[in-house]
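The values are calculated or read from the model by the stated rules, or taken from the named source; none is laboratory data. Fair warning: this is a prediction, and the values are worked out from it, not measured in the lab. Using ideal geometry, Cβ is built from the backbone for each residue, glycine included, and neighbour counts are taken over all protein chains shown. Remember, those area values only see protein heavy atoms, side chains included, never the ligands or the DNA or RNA. Shrake-Rupley method; radii C 1.70, N 1.55, O 1.52, S 1.80 Å.
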Amino acid sequence: MTEHHALDEIDLKILAELQKDGRIRNNELAERVGLSEPPCRRRVRSLRERGYVSAIRATLDEKLLGYEVISYVLIQLQSQAQATLQAFERSIAALPLVQQSWRISGDGDYLLKCVARNVEGMHQQLLQFSAMPEVRHIRTFPVLGVAKDAPLPLPRARSASGPAQ
């Protein structure tokens, strides 16, 4: 089990900078957060090892790559039995155009982010989902545009006098 130490101001500055630019060079990052390079490198490594940084990757523009349709698909399963959940998760893991999948509560069991080259491609995806024996109901939300895409808000560092606000 990974031990989670409290984040201090420097850790939070590093996380904020990494959210802005995951490819930032260590020397520039160190300068921005007020450290020399070796301690900055150690802190970044520690943040990764402790799980605060789960991945650093490029965010690609779907439309420029030919995926004209982005949609969110709400899936309700036949049951919430563990075997049903696992079977559904195995099925969608094999579908490369399902970009993300979240298990949720409420009106559905899963929310999927999907891409398709065109409306017919989205229709074919929906047919794939409806053919899965675990699926009871499908609701689709095609994306018209992005209204907001912001970095994660970071908490303030804990002071000696008490918890972060």
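Which one is farthest from Y110 (Cα to Cα), of the residues in region 58-78 that are touching a residue at least 40 places away in the same chain (Cβ under 8 Å) and not aliphatic (A, V, I, L, M)?
The selected residue is G66.
Which residues, taken from region 24-57, are touching a residue at least 12 places away in the same chain (Cβ under 8 Å), in a loop (DSSP other than H, G, I, E, B) and closer than 30 Å to W102 by Cα?
R50, G51, Y52, V53, I56, R57, listed by residue number.
Rundown of residues vs (1) surrounded by 11 or more Cβ atoms within 10 Å (Cβ to Cβ); (2) among the hydrophobic types (A, V, I, L, M, F, W, C); (3) touching a Gly at 6+ places or on another chain (Cβ under 8 Å), yes/no style:
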| position | (1), (2), (3) |
| --- | --- |
| Q100 | no, no, no |
| G108 | yes, no, no |
| L111 | yes, yes, no |
| Q125 | yes, no, no |
| M132 | yes, yes, no |
| R139 | yes, no, yes |
| G145 | no, no, no |
| L154 | yes, yes, no |
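What about R117, is it under 11 Å from L74 (Cα atoms), open to solvent by 100 Å² or more (accessible area, probe 1.4 Å) and in contact (Cβ under 8 Å) with a residue 40 or more places away in the chain?
no
Within region 74-87, identify whether any single residue is touching a helix residue (DSSP H, G or I) at 6+ places or on another chain (Cβ under 7 Å) and among the hydroxyl-bearing types (S, T, Y), and answer yes or no.
no
Please determine whether any residue of region 54-74 is modelled with pLDDT of 95 or more, open to solvent by 100 Å² or more (accessible area, probe 1.4 Å) and over 30 Å from L144 (Cβ atoms).
No: region 54-74 contains no residue that is modelled with pLDDT of 95 or more, open to solvent by 100 Å² or more (accessible area, probe 1.4 Å) and over 30 Å from L144 (Cβ atoms).
Given the condition in contact with a Phe, Trp or Tyr (Cβ under 8 Å, 6 or more places away or on another chain), farther than 28 Å from F129 by Cβ and of a type outside the set (V, I, T), answer yes or no: does some residue in region 41-59 qualify?
Within region 41-59, not a single residue is in contact with a Phe, Trp or Tyr (Cβ under 8 Å, 6 or more places away or on another chain), farther than 28 Å from F129 by Cβ and of a type outside the set (V, I, T).
Give L12, L7 a once-over and let me know the one that is in a helix (DSSP H, G or I), among the aliphatic types (A, V, I, L, M) and out of contact with any strand residue (DSSP E or B) (no Cβ under 7 Å at 6 or more places or on another chain).
Being in a helix (DSSP H, G or I), among the aliphatic types (A, V, I, L, M) and out of contact with any strand residue (DSSP E or B) (no Cβ under 7 Å at 6 or more places or on another chain) holds for just one of L12, L7, which is L12.
Search region 79-98 for residues being in a loop (DSSP other than H, G, I, E, B) and open to solvent by 90 Å² or more (accessible area, probe 1.4 Å), and hand back the single one that is farthest from Q125 (Cα to Cα).
Here the answer is Q80.
If you check V115, V143, which single one turns out to be touching an Asp or Glu at 6+ places or on another chain (Cβ under 7 Å) and either at pLDDT 95 or above or charged (D, E, K, R) (or both)?
V115
Taking the criterion of being touching a Cys at 6+ places or on another chain (Cβ under 8 Å), open to solvent by less than 60 Å² (accessible area, probe 1.4 Å) and of a type in the set (V, I, T), would at least one residue in region 21-39 satisfy it?
yes
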